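First up is the structure itself, then whatever we jot down about it.
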Amino acid sequence: MGFQLKRLFSSPIFIGTLALIFAGLLVSLVCAGLKVVYIEASTWFVIVYLFLLALALLVTICTNTLHKYRLALLAMISIGLSINVGHIGWYINATIGVLQAMAAGLIFVEITLFFWVLILGSGPGTYLADLCGTGADGKGHMLPMTDVAKARTSY
């Protein structure tokens, strides 16, 4: 079972969204490092939280355990969405260009998080799940979301 990076490469949707979130986090981190005096303390938490969230999604895809952690990831992504919006609103209205650039990086992160909510929240057989290759029809890369329906109901 183990960690296999080839599972990620068979899903271009997740490659693109992971690249976008890591790029947005890198921009935000660099901009925050340039103007440390103007950065709120909670911003560092948000950047680390979102980085660990992206890393968790990467690990669950590469270890083929997305079906086990899909709902937990969905809940953590929704928390990330809400706390990220507040930081975007705070920094986009700043008069310092570096802070506005940081808000732009956080906007890229927000777009990715919203897209992940749509992907992970779509069940097997839906149009979006089939489009992203997460459906149960056997086309393309099939993430194991169909195992959720086959879970044991009696113990």
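Read-outs throughout are calculated quantities, based only on the coordinates presented, and are distinct from any laboratory measurement. Everything numeric here is computed off the predicted structure, so don't read it as measured data. Neighbour counts are summed over all protein chains in view; Cβ atoms, including those assigned to glycine, are modelled from backbone coordinates with ideal geometry.
General remarks:
- Counting Lys and Arg as +1 and Asp and Glu as -1 over every other residue whose Cβ lies under 13 Å from the Cβ of Val46, the net charge comes to -2.
- Gyration tensor verdict on segment 1-66 (Cα atoms; rounded if a/c is under 1.5, prolate if a/b is larger than b/c, oblate otherwise): prolate
- Note, ³J(HN,Hα) from phi for segment 74-83, Karplus 6.51, -1.76, 1.60, rounded to Hz, x at Gly and Pro: 4, 5, 5, 5, 5, 5, x, 4, 5, 6
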